[in-house]
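Trainee: Quick one: the structure is below, questions incoming.
The values are calculated or read from the model by the stated rules, or taken from the named source; none is laboratory data. As the structure is a computational prediction, the values presented were derived from the model and not from experiment. All Cβ positions, even for glycine, are placed from backbone atoms using ideal geometry, and neighbour counts span all protein chains on display. Protein only, heavy atoms only, side chains kept; ligands, DNA and RNA dropped before computing areas. Shrake-Rupley method; radii C 1.70, N 1.55, O 1.52, S 1.80 Å.
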Amino acid sequence: MDKRFFSLFVLGGVACAALAQDPRESHYYYEVLDPRHEPKPKVEGFAAQRVAERLNRGLAAVPAADGKGVYLSWRLLEADGPDAAFHVFRRSGGKDKRLTRKPLTKTCDFTDTDPAAEATYWVEPAGKYAGEADGQAGQGLRVCLDSLKPYTSIPIAGGETPGKVALADLDGDGSYDFIVRTPSSNVDPGMPGDKAGTTYRLSAYLSTGRHLWTIDLGPGIEPGVWYSPFVAFDFNGDGRAEVAFKSAGDDYVKNAQGRVCGGSEYLTVVDGMTGRVIDRADWPERNDRYGNLVRQNRNQMGVAYLDGKTPCLLAARGTYKLMVVDAWTLRDGRLHREWRWDGDEENPVIRSMGAHSMVTGDVDGDGRDEILLGSCMLDDDGTALWSTGLGHSDKAYLCRLRPDLPLQVFMVSEPKKEDGRGVSVVDAATGRLQWAIGQTTYHVGNGMVADFDPEHPGLECFASEDRKGGSTDKYLLTADGKRIDADQADIPGCSNWIWWDADLLRETMRYTPKAVNAPGPRRRTMELCVWKWKGDTLTDGIQGGIVAVADIEGDWREELITALPGELRIYHTNIPAADRRTTLMQDPLYRSYIAHSSMGYPQAPVPSFYLGENVEK
């Protein structure tokens, strides 16, 4: 066995969930206590300094909470000093007017209580920053009062409903644009294959709503989330994002169940503005080491700064058995493979450790990103940093649970765990266990970290069993792993969390029925509302299915992005702020969560710093 893996405990008889660990592999439990490994050559990309998005002020406008004014909010940027101050201006009827008597220093929002019917608003730095040519001053936002809504609408060509969305700046203007995948239907590898001829399409839209291009992925890419990963990021450092996706050739082979079981597969990168192919390379190939066809068809993509400066593109295959990751850089219009990680080289401690998403960040303090795949972490050089040996985790969160704690990983394990580690937290740098739930779990299929209860310091850690495992229990623990006494009905769901109001507690969302006022039989539809745990509804009447939550404009609070037939909507809060902080999109870990949200199963983003109420009890 590899010298870095020197601790092995035999726990015979551990059951495994269907489509999770191979039964032949589940009789052993491995834990890496000393994550030393033989290093590979370090990635040295093209960037002299870290490639970063050049964001503008992100000024946003929605109706004020009382319905009688215009609520404005904008970004605080890393380049702004700690004492940055702002003035708000309005142009209407050919006249310019400064709306702020004194510079705004405590928040990045303002309400125009006496708005004009039509006006253009903009924000400028004040005080010692006034007149600085930072590219932010004078960027105006036109507002027509009669048509102002609590959301921004992006029309989707063909009337289809988006199923996934990537957020990136395609034209370099400092605003986030949208790359959507349609239709919203999904075929899972465990389901019967599609025989209706459905194909996925990727389409790009600017923040203005302008449609740029559409690419049909064709019949070689089955219309399911695990066949069609895509990400958008500035991979070549030119200030504009490219779009990368898994593609297939015309030589695809389908079996009687409609499954694609053969043919060429590619990692393709296109220009974000034109959709023109820049380059393509082979995708990690199919082989029997992944298991059967269902297991082979689990694909993901990612973004990592493996040298700390250059965005690298990741192409991954495998979740439940073998896992393989290729790392690429885009230089001079060509894809260059930096390394391949093959989990079988470190078998069996790595097998079946994948999750349904990935996230990247610097966990060991060397300035280079590591890659969290689930129950294992890859180092920047393409070797395993650690593996918990806990098997497939449906959710794994790289996070800071308390301000005084280092980065940790909160994970939930799908296989039955009689050792009490089905819900656990490990140190992000070493994989060492910090705490575990300490009871048998059966099939924990969801988990989340969020501060919604101010009675306990740090983020709450909560998880839920899947019914298929024979249990419907939900678990609620503190950042230190102590059980919180709560009724099962009071433990919130793990999905759909957002920073929406003025405090640092995070809010959640739920669907509520609403009667449709229309002729004929009484009908009901479902609408979303944002609500406080054990508290009031903050915002209701939100329409569409959730496709993303992200701080894409306005101040540091997040936007809610929903999809409807023929439309993408970006909902904004209109609750006045109580403080300000740098836009979350300039935090590397939060940005990584957003970059990966266009593929895999959704996970609510969290930043690298602690963001919650700092209650000491």
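Trainee: Pick from A137, A116: which is hydrophobic (A, V, I, L, M, F, W, C), farther than 30 Å from H356 by Cα, at pLDDT 95 or above and part of a loop (DSSP other than H, G, I, E, B)?
Mentor: Values: A137 fails: at pLDDT 95 or above.
It is A116.
Trainee: Return the pair list, or none, for Cβ contacts closer than 7 Å from residues in the stretch 471-498 that are crowded, with 17+ Cβ neighbours inside 10 Å to residues that are among the basic types (K, R) and part of a strand (DSSP E or B), at least 6 apart or on different chains.
Mentor: L477/R483; I491/K474
Trainee: Further question: In the list V225, V231, which residue meets the criterion of being crowded, with 17+ Cβ neighbours inside 10 Å and closer than 17 Å to R280 by Cβ? Quick ask: steps written out before the conclusion?
Mentor: Details: V225 fails: closer than 17 Å to R280 by Cβ.
Within the list V225, V231, the selection yields V231.
Trainee: Still on this model: Being assigned to a loop (DSSP other than H, G, I, E, B) and either of a type in the set (K, R) or under 23 Å from the mean Cα position of the chain (by Cα) (or both) narrows it down to one of P223, P192, so name that one. Steps first, answer last, please.
Mentor: Numbers: P192 fails: either of a type in the set (K, R) or under 23 Å from the mean Cα position of the chain (by Cα) (or both).
After applying the criteria, what remains is P223.
Trainee: Also, I was wondering about something else. Conditions: (1) within 23 Å of L378 (Cβ to Cβ); (2) touching a residue at least 24 places away in the same chain (Cβ under 8 Å). V294 meets all but one. Number of the miss?
Mentor: Failing condition for V294: (1).
Trainee: Please indicate, with yes or no, whether at least one residue in the stretch 287-304 is open to solvent by less than 10 Å² (accessible area, probe 1.4 Å), in contact with a strand residue (DSSP E or B) (Cβ under 9 Å, 6 or more places away or on another chain) and hydroxyl-bearing (S, T, Y).
Mentor: Scanning the stretch 287-304 turns up at least one residue that is open to solvent by less than 10 Å² (accessible area, probe 1.4 Å), in contact with a strand residue (DSSP E or B) (Cβ under 9 Å, 6 or more places away or on another chain) and hydroxyl-bearing (S, T, Y).
Trainee: Given the condition crowded, with 24+ Cβ neighbours inside 10 Å and polar (S, T, N, Q), answer yes or no: does some residue in the stretch 365-380 qualify?
Mentor: The answer is yes, given that some residue of the stretch 365-380 is crowded, with 24+ Cβ neighbours inside 10 Å and polar (S, T, N, Q).
Trainee: Oh, and also: From the residues in the stretch 240-255 that are in a loop (DSSP other than H, G, I, E, B) and open to solvent by 20 Å² or more (accessible area, probe 1.4 Å), which one is nearest to A595 (Cα to Cα)? It would help to see each step written out before you state the result.
Mentor: Residues of the stretch 240-255 in a loop (DSSP other than H, G, I, E, B): 240-241, 249-252, 255.
Retained after the next criterion (residues that are open to solvent by 20 Å² or more (accessible area, probe 1.4 Å)): 240, 250-252, 255.
Values: R240: 14, D250: 29, D251: 31, Y252: 29, N255: 33 Å.
In this case the residue turns out to be R240.
Trainee: Next question, about the same structure. Looking only at residues that are among the aliphatic types (A, V, I, L, M) and out of contact with any Ser or Thr (no Cβ under 8 Å at 6 or more places or on another chain) in the stretch 188-203, which one is farthest from A550 (Cα to Cα)? Steps first, please.
Mentor: Residues of the stretch 188-203 among the aliphatic types (A, V, I, L, M): 191, 196, 202.
Now drop any that are not out of contact with any Ser or Thr (no Cβ under 8 Å at 6 or more places or on another chain), which leaves 191, 196.
Values: M191: 31, A196: 34 Å.
Once the filter is applied, the top-ranked residue is A196.
Trainee: Would you tally the residues in the stretch 545-586 being under 13 Å from the mean Cα position of the chain (by Cα) and part of a loop (DSSP other than H, G, I, E, B)?
Mentor: Qualifying residue count for the region: 3.
Trainee: Here are some conditions: (1) part of a loop (DSSP other than H, G, I, E, B); (2) open to solvent by less than 10 Å² (accessible area, probe 1.4 Å); (3) in contact with a Gly (Cβ under 9 Å, 6 or more places away or on another chain); (4) within 26 Å of L373 (Cα to Cα). G258 meets all but one. Which one does it not meet?
Mentor: (4)
Trainee: Just give me the residues in the stretch 265-284 being open to solvent by less than 30 Å² (accessible area, probe 1.4 Å), over 15 Å from S203 (Cβ atoms) and of a type outside the set (D, E), in sequence order. Explain how you work it out, then say what you get.
Mentor: Looking only at the stretch 265-284, we keep the residues that are open to solvent by less than 30 Å² (accessible area, probe 1.4 Å), and these are 265, 267-272, 275, 279, 281, 283-284.
Remaining after also requiring over 15 Å from S203 (Cβ atoms): 265, 267-269, 279, 281, 283-284.
The answer is L267, T268, V269, A281, W283, P284.
Trainee: Then there's this: Taking the condition of being part of a loop (DSSP other than H, G, I, E, B) and closer than 17 Å to F233 by Cβ, how many residues in the stretch 277-289 meet it? Break it down stepwise before answering.
Mentor: Step one: list which residues in the stretch 277-289 are part of a loop (DSSP other than H, G, I, E, B), which gives 283-287.
Subsequent filtering for residues that are closer than 17 Å to F233 by Cβ retains none.
Of the residues in the stretch 277-289, 0 are part of a loop (DSSP other than H, G, I, E, B) and closer than 17 Å to F233 by Cβ.
Trainee: With V143, V165 as the choices, which residue is assigned to a strand (DSSP E or B), within 24 Å of the chain's Cα centre (by Cα) and at pLDDT 95 or above?
Mentor: Details: V143 fails: within 24 Å of the chain's Cα centre (by Cα).
Just one listed residue meets the conditions, V165.
Trainee: If you scan the stretch 160-173, which residues turn out to be open to solvent by 20 Å² or more (accessible area, probe 1.4 Å) and touching an Asp or Glu at 6+ places or on another chain (Cβ under 9 Å)?
Mentor: Those that are open to solvent by 20 Å² or more (accessible area, probe 1.4 Å) and touching an Asp or Glu at 6+ places or on another chain (Cβ under 9 Å): T161, D171, G172.
Trainee: Restricting attention to the stretch 458-471, report how many residues are modelled with pLDDT of 95 or more and in a loop (DSSP other than H, G, I, E, B). Talk me through it step by step, then tell me what you get.
Mentor: The first filter runs over the stretch 458-471 and keeps only residues modelled with pLDDT of 95 or more, leaving 458-465.
Remaining after also requiring in a loop (DSSP other than H, G, I, E, B): 458-459.
Result for the stretch 458-471: 2.
Trainee: What pairs come out if I take residues in the stretch 592-617 that are part of a loop (DSSP other than H, G, I, E, B) and pair them with residues that are at pLDDT below 95 and of a type in the set (D, E) whose C-beta lies under 8 Å away, six or more apart or interchain?
Mentor: Y601/D394; V615/E455; K617/E455
Residue by residue, here is whether (1) farther than 25 Å from N186 by Cα; (2) at pLDDT below 95; (3) open to solvent by 40 Å² or more (accessible area, probe 1.4 Å); (4) of a type in the set (A, V, I, L, M) holds:
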residue	(1), (2), (3), (4)
G520	yes, yes, yes, no
E527	no, yes, no, no
V530	yes, no, no, yes
K534	yes, yes, yes, no
L568	no, no, no, yes
H596	no, no, no, no
Y610	yes, no, no, no
N614	yes, yes, yes, no
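Trainee: Right, P513: of a type outside the set (K, R), exposed (fewer than 13 other Cβ atoms within 10 Å of the Cβ), at pLDDT below 95 and assigned to a strand (DSSP E or B) or not? Spell out the reasoning first.
Mentor: Numbers: of a type outside the set (K, R): yes; exposed (fewer than 13 other Cβ atoms within 10 Å of the Cβ): yes; at pLDDT below 95: yes; assigned to a strand (DSSP E or B): yes.
Answer is yes for this residue.
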